[in-house]
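Remarks on the structure that follows.
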Amino acid sequence: LILVRPLSSLFAKENLNRMSEQQLNLYDRLINEPSNDWDIYYWATEAKPTPAEFENDVMAMLREFAKNKKREQRLRQPDLEYLFEPPR
């Protein structure tokens with residue numbers, strides 16, 4: 001969980017406020033249905049193929065986020081205050 005939680009929570013911080021209702025539902029399903037958080041990590045980093053039922057635009061966004069093209073340090077989960085910030 002050391003790598004999985006920061007990846008999904010940092011992704012959420014950066015993207016939730018601009019997602020459509022459909023995308024939010026897909027994200028909710030993605031983080032709640034797989035029984036193993038590591039599966040999400042493997043799919044996001046393309047270490048394993050994503051099952052068809054989770055292959056959607058949100059998974060594509062998470063894969064792109066996981067590439068970390070800006071080379072940001074992502075070792076800890078963000079504080080939850082971002083949930084209360086106004087949308088950008």
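Read-outs throughout are calculated quantities, based only on the coordinates presented, and are distinct from any laboratory measurement. Worth saying up front: this structure is predicted, and the values here are computed from it rather than measured. Virtual Cβ from ideal backbone geometry, glycine too; neighbours counted across all protein chains shown.
Hey, can you rank 36-43, 8-15 by average C-beta count inside 10 Å, highest first?
The packing order, highest mean first, is 8-15, 36-43.
Using a 7 Å offset from the Cα along the Cα-to-Cβ direction at both R63 and N15, what is the distance between the two label points in nm, to one decimal?
For R63 paired with N15, the spin-label model returns 1.1 nm.
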